[in-house]
Amino acid sequence: MPVNPTFRQFVLEQLQRTLPAIRSRSMFGGVGIYSNDFFFALIDDESLYFKVDDSNRGDFEVRGMGPFRPFGEGGETMQYYQVPEDLLDDPDALRPWAEKAVAVARNARKKKKR
C-alpha cells in the first residue's frame, strides 16, 4: 500500500525537528529517509522504521516492536524496526532513537568501505 502523503509529511516534519539535513526519496511504494547522506529510516504504509544493529535493536524489542518485513509475515526481515507510535508525537523523545539509527547507518557504511 502506498504511503499516505499526510503521514509522510508529518514524519518528515518531526524528524526535521530532531536531526539535520533530512530528506526523503520514494522507493518501491515506500519512502527512504536520509540525514545528510545516511539512509537511516523508511516509511511503509503508516509505519516508520529505523535502522538497527546490536547497539539499538534491544530498545525496539523492549517496546514490543518488530522488524520490517517487505514481503509479509512469512518473508525475510530487514535491519529496520518499527518506531513506537508515541515517539512520533514527541520530538524530544524521538531524538535519541533517530540519532542512534543514524549512527547505525554511519557504522554500516564504514564497514562496507573496509
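FYI, it's all coordinate maths here, none of it is from the lab. Note that the structure is a prediction, hence the values are computed from the model and not measured. For neighbour counting, all protein chains shown are included, and Cβ atoms are generated from backbone atoms with ideal geometry for every residue, glycine included.
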Inset, instruction - Report, by chain and number, residues whose modeled amide H sits under 5 Å from the one on Y80, excluding near sequence neighbours (fewer than 5 apart, same chain). - result: V52, F68
Inset, instruction - Report the chymotrypsin sites (Phe, Trp or Tyr not before Pro) located in the stretch 53-114 that are in a DSSP loop and have at most 10 other Cβ atoms inside 10 Å of their Cβ, or state none. - result: F71
Inset, instruction - Between V62 and S26, take the C-beta separation as r, use R0 = 25 Å, and let me know the FRET efficiency to the nearest 0.05. - result: 0.20
Legend entry - Choice from R63, R23, R95 showing the highest fluctuation, given a GNM over the chain with Cα pairs closer than 10 Å: R63
Inset, instruction - Could you tell me which of A108, Y81, V52 has its Cα farthest along the dipole of the chain towards the positive end, charges placed at Cβ (Lys, Arg +1; Asp, Glu -1), taken about the Cα centre? - result: A108
Inset, instruction - Could you give the size of the charge dipole of the stretch 8-114 about its Cα centre, using +1 on the Cβ of each K and R and -1 on the Cβ of each D and E, expressed in debye and rounded to the nearest 20? - result: 920 debye
Legend entry - Among D54, D89, D45, residue whose mean-square fluctuation peaks in a GNM of the chain (springs only between Cα atoms under 10 Å): D54
Legend entry - Kirkwood Rh and Cα Rg combined as Rg/Rh, the chain: 0.93
Inset, instruction - Apply the Karplus parameterisation 6.51 cos²θ - 1.76 cosθ + 1.60, with θ equal to phi minus 60°, to every residue of the stretch 19-30 and state each ³J(HN,Hα) to the nearest whole Hz, in sequence, with x for glycine and proline. - result: 9, x, 6, 7, 9, 10, 8, 5, 7, 6, x, x
